[in-house]
Each structure stands twice: as C-alpha cells, then as structure tokens.
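Structure first, then comments.
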Amino acid sequence: MASRGDVVVANGEFKHYEGHTTVYVVLACFLASFSGLMFGYDIGITGGVAQMNDFLEKFFPVVVVNKELEYESGKGNLYCQYNNQHLQAYISSLYLVGFASTLVAAPITRLYGRKTSILIAGISFLIGVVLKTSAQNLAMLVLGRVLYGWGLGFSNQAAPLYMSEVAPFKWRGRLTYLFQLSLAIGAFCANVINYGTSRLVPNGWRISLGLAGIPAIIITISGIILSDTPNSLVHRGKQEAGRKVLERMRGITNVDIEFEDILIASNQKSSEERNAFKNVLKGKSRPPLIVSCIFQIFNQFTGINDLTFYSPVLFSTLGFKSGGALFTATVLAGLSIFSVLVGLSLIDKVGRKALLVEGNVQMFLSAVAIAIILRYGLQDEVRLSHPLAIILVVFVCLFVMGWAWSWGPCEWLIPSEIFPLETRSAGLSIGVSVNFLFSFVIVESFLSMLCSLKWGLFVFFAVWNFFMPFFVLLYVPETKGVPIEEMELVWRRHWFWKRFMPVDNYIDNSPEKP
C-alpha cells in the first residue's frame with residue numbers, strides 16, 4: 001500500500017475497509033434522514049393546501065374568484081385559474097431563502113460540525129411551523145415559510161453530507177438513499193393528511209401545516225444526541241474523538257486503514273481550510289463543482305418539482321374534484337415511496353449512471369404522452385373525459401416513478417460524495433444552493449407557464465429530459481463502490497475531467513481502468 005497525496009491506492013485497486021454496518025450507523029442515518037421528511041412534507045402539504053378554498057379565501061381570495069368564474073360560467077381559462085403571483089411567490093419563497101441559508105450553512109457545517117447545522121435546522125423548522133400554523137395574515141404566513149426555508153437550507157446541506165460520511169462505502173448509496181426515501185414518505189404523509197383535513201372546515205389547513213412540528217421536534221433532538229462524523233471531528237482537530245466515533249460506527253477497534261485515510265484527506269494546508277469557498281472554484285474541486293451544479297440545474301428541469309408541488313392544483317385544473325385531486329396526489333406520493341425502494345435495491349448494484357439514464361428515458365416518454373393527451377384530449381379547454389383522465393394519471397405516475405428511483409435520490413447522493421474533504425462542505429453547499437435557486441425559478445414560474453404554454457409546458461420538460469442522458473453518460477463519473485476518501489482517483493481517471501486535475505504532489509502508478 002502506498003500513500004499518494006490525498007488518494008491512497010492498494011495494488012491499483014480501491015481499498016476495502018474493515019468493519020460492518022452497525023445498528024448505530026443505521027440509526028444515525030435514519031434520524032438524519034428526517035431532514036428529507038421535512039422537505040417532502042412541505043412539498044406534499046403546500047400543493048394540497050394551495051387548492052383548499054378555506055386557505056385561499058383567507059390569504060389569496062383572487063384565486064377563489066378565478067376558480068368560481070371557470071366552474072360557474074365555463075368561460076374562464078382552465079389553465080389559468082390558479083395563476084396568481086402572490087400564490088406563486090408564497091410557495092417559491094421557501095426556495096429563495098433556502099438558497100441563501102445554504103451558503104450560510106457551509107462555513108457553520110465545516111467549523112462547528114454537521115450535527116450543529118442539523119440542530120439549527122430543527123429549531124428553524126419549529127419556529128416556522130408555529131408561525132404558519134397560527135398565521136392570521138399573509139405576512140405572518142410568509143414569515144413562517146421563510147423560517148421553514150431557512151431550516152431546509154441547513155438540513156439539505158448537512159444531512160446528506162452527514163449520511164455519506166458515516167456510511168460504509170459499500171452501503172453509502174443505499175444509506176444515503178434514506179434521505180430521498182424519507183422525502184417520499186413525507187410527501188405521502190402530507191397528501192394523506194391533506195385528504196383528511198380538506199373536510200375540516202374552516203381550519204383543516206392549520207392542522208396540515210401544524211403536524212410538521214412532529215418531525216421538526218425529532219430533527220431538533222437528533223441535532224442534540226447524534227455524534228458528529230469522524231471526518232468532521234478529525235478535520236476540526238479532534239482526532240481521538242473521531243477515532244472513537246469511527247470505531248463505534250464500524251463495530252470494531254481495527255479501523256487503522258480507514259482512519260489513516262481520513263487523516264490524510266484532512267491533512268490540508270490551513271489556507272485551504274480557511275478559504276474553502278475560494279478553493280472549491282479551482283484545482284481538484286473544480287470538476288466536481290461543475291458536475292454538481294449542472295446536475296442540480298438539470299434535476300429541476302426534469303419537471304418533477306412542478307408535478308409534485310402542484311399535482312393537486314394540476315389535477316384540479318384538469319377537472320378533478322378537490323377530493324379526487326388530493327387522492328390522486330396521494331397515490332403519486334405512494335408510488336414515489338415504492339420507486340425509491342426499487343432504486344434503493346439497485347443503486348449499489350447497477351450504479352448511479354444506469355439509473356439516471358433510465359429515469360430520463362422514462363420521464364421523456366411520459367412527458368410526451370402527457371402533452372399529447374392534453375393537446376388532443378382537452379379540446380377548447382374543457383375537462384378531460386374519464387378514460388383520458390385515467391390515462392393521464394398513469395403517465396404522470398410513470399413520470400414520477402422514473403424520477404423517484406433515479407434523479408431524486410442521486411441529486412443528494414452524488415454531490416455529497418464527489419468532493420475532496422477540505423472543500424466538501426463548501427462544494428455541497430454551492431450545489432444545494434443552485435438546487436434551491438433553480439427550484440425557485442421553476443416553482444415561481446410554473447403556474448404562469450401553465451397558463452401561457454398550456455400542454456406545451458410538458459413538451460418543454462420532455463426536451464430537457466431528452467438531452468440529460470448525454471450529460472450523464474459523458475461527464476458524470478461512476479462512484480459506485482468507491483470509498484469517499486479515495487474519490488479523487490475517479491476524477492483523475494475520467495476521460496474528460498482528468499485533464500483539469502492538478503499534478504502537484506500526486507503520483508499514480510496504478511493501471512487505468514477501462
């Protein structure tokens with residue numbers, strides 16, 4: 001075995017660390033994954049609440065007028081009945097705040113640990129939930145959503161990072177998948193709750209928003225009781241504590257090889273540590289940063305945020321009654337859980353890239369089918385016939401399933417594992433902030449785009465899904481089975497990115513892999 005810079009190679013192959021997946025690691029990942037549940041719950045609850053008349057009458061009465069015009073006279077624009085800038089701004093404000101808070105979370109996560117950011121997220125969630133649930137006016141409602149978004153910025157930056165660092169590399173994909181699984185479970189629970197509370201007039205929406213306090217409490221407690229990751233502890237000069245945590249997580253005391261790699265990975269110049277955001281823009285951090293940012297942008301343009309956030313609104317727009325729209329959205333959320341479990345069983349077997357490409361093909365075909373149905377089945381902006389409505393729901397389900405076992409989990413997994421240790425927090429922070437920024441753009445514009453493009457909106461998403469597999473096949477490296485401390489070797493062997501990797505203090509005599 002020879003040590004070569006930040007990458008350790010044994011006989012030309014990646015090393016295998018001692019230890020096994022302990023109950024402690026599974027429990028730690030499970031608790032950290034509740035951050036994903038909060039995100040999923042908001043996705044499911046917001047779209048459902050946004051088509052409850054009691055909620056709309058209190059905060060967005062213009063939308064109610066538009067809906068009544070369409071339903072009573074039949075002369076309203078079916079695609080435009082929910083097109084209201086204040087409603088869009090309320091929903092999308094979470095992402096804009098999340099964009100800013102993610103950048104703030106990066107130095108806090110690096111300097112004070114991953115669990116500190118998780119704790120901050122939990123407290124922000126709690127305050128935001130209280131404000132939203134007790135809101136008496138739009139300002140109070142928006143403030144609560146802003147604080148909720150602030151918490152998401154911290155949790156979405158720290159939780160995937162925490163999970164990827166504590167998981168054994170053979171199981172890193174599956175354990176990090178828990179974040180997406182909990183997101184799907186959160187969305188499913190939200191839709192079930194919305195389906196029930198929509199009948200509780202006039203304050204059912206308050207119950208829907210208020211029940212988010214349960215996972216918020218769990219996240220806050222997790223931020224208190226969880227141990228920080230060995231990587232974070234070592235990087236902050238707490239080697240002895242880091243080794244003890246590593247031994248506990250691996251269930252053995254012989255963790256010399258893995259701990260040595262963590263020490264090597266964290267042994268960077270002090271200037272690199274102090275200037276993480278500057279260094280992530282150059283050297284060996286540049287290729288993963290480019291891939292992470294493009295990956296996050298593409299993920300938003302799959303169209304999934306619009307279908308998941310606005311699915312109750314979309315189905316209501318297309319003629320489903322309120323209860324039917326919420327029930328259909330609940331079915332979508334349930335299928336999302338099933339799809340994540342399918343991906344969970346495949347991610348560390350077939351790899352990341354195969355799932356991503358298959359997901360894009362499935363979303364492309366589904367989006368084309370949806371566009372055709374709306375173009376030729378929704379004539380003169382009247383409602384779909386019952387058979388066509390069922391076919392439409394089937395293709396929407398196929399679209400969501402394609403995303404849920406591919407791009408959904410990988411949007412958190414891949415950025416959390418491809419950066420070197422000294423810039424990992426900053427790199428992931430930038431990636432997540434790009435995710436939030438483009439989520440804001442898409443969610444803010446969806447209702448307006450639906451009003452203007454109509455069925456053409458799904459052609460727009462189909463085009464994006466057509467080109468994404470080429471990016472994945474050509475520029476995204478496969479990270480299946482690679483120890484996170486040895487990820488640099490993947491970039492140095494990639495056909496395109498190897499030309500951008502610095503050669504200083506690095507020697508690789510190992511054979512190239514095909």
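The values are calculated or read from the model by the stated rules, or taken from the named source; none is laboratory data. None of these values were measured; they are calculated from a predicted model. Positions of Cβ are generated from backbone atoms using ideal geometry, with glycine treated the same way; all protein chains shown enter the neighbour counts. Side chains are part of the model used for accessible areas, which takes the heavy atoms of the whole protein and leaves out ligands, DNA and RNA. Shrake-Rupley method; radii C 1.70, N 1.55, O 1.52, S 1.80 Å.
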Ranking His235, His386 from most to least accessible area with a 1.4 Å probe gives His386, His235
A correct Karplus calculation of ³J(HN,Hα) over the range 135-152, with 6.51 cos²θ - 1.76 cosθ + 1.60, θ = phi - 60°, whole Hz and x for Gly and Pro, returns 4, 10, 8, 5, 4, 5, 5, 5, 4, x, 5, 4, 5, 4, x, 4, x, 5
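Order these peptides, 179-185, 470-476, by their mean beta-carbon neighbour count within 10 angstrom, highest first.
Order by mean packing, descending: 179-185, 470-476.
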With Rg from the Cα atoms and Rh as the Kirkwood inverse mean 1/r over Cα pairs, the range 181-247 has an Rg/Rh of 1.29
Read-out Cα extents along the principal axes in Å, candidates (1) 77, 45, 37; (2) 96, 91, 68; (3) 97, 47, 37; calculated match is (1)
Ranked output for segments 389-401, 95-107 by mean other Cβ atoms within 10 Å, highest leading, reads 95-107, 389-401
With the 8 Å Cα cutoff and a minimum separation of six or more residues, the range 163-278 has a relative contact order in percent of 18 percent
Nearest 10, in degrees from 0 to 90: the angle of helix 386-404 to the longest Cα principal axis of the chain is 20 degrees
For the range 432-483, the Cα convex hull volume per residue in Å³ comes to 101 Å³
Computed over the chain, the relative contact order (Cα-Cα under 8 Å, seq sep at least six) in percent reads 26 percent
Here the cysteines of the chain without any disulfide-compatible Cβ partner under 4.7 Å are Cys29, Cys189, Cys293, Cys397, Cys410
Taking a probe of 1.4 Å and leaving out DNA, RNA and ligands, the chain shows per residue an accessible area in Å² of 37 Å²
SASA check, Arg248, accessible area w/ 1.4 Å probe, all protein chains in place, rounded to nearest 10 Å², comes out at 140 Å²
Highest mean packing first, using Cβ neighbours within 10 angstrom, the peptides 416-423, 123-130, 227-234 sort as 416-423, 227-234, 123-130
Expressed to two decimals, the range 405-456 has a Cα Rg over Rh, using the Kirkwood radius, of 1.17
Share of accessible surface on carbon and sulfur in the range 416-486, whole %, 1.4 Å probe and ligands ignored, is 81 percent
Diffing the range 460-472: the Karplus 3J(HN,Hα) column from phi (6.51, -1.76, 1.60, θ = phi - 60°), in whole Hz with x for Gly and Pro, holds 4, 5, 4, 4, 4, 5, 5, 8, 4, x, 5, 4, 4
Dividing the helical contributions, -39500 (n - 2.57) per DSSP H run of n ≥ 4, by the residues of the chain yields a 222 nm value, nearest 500 deg cm²/dmol, of -24500 deg cm²/dmol
Set Lys67/Lys132; Lys244/Lys278; Lys170/Lys498; Lys115/Lys244; Lys238/Lys278, cut-off 27 Å on Cα-Cα distance; pairs above it are Lys244/Lys278
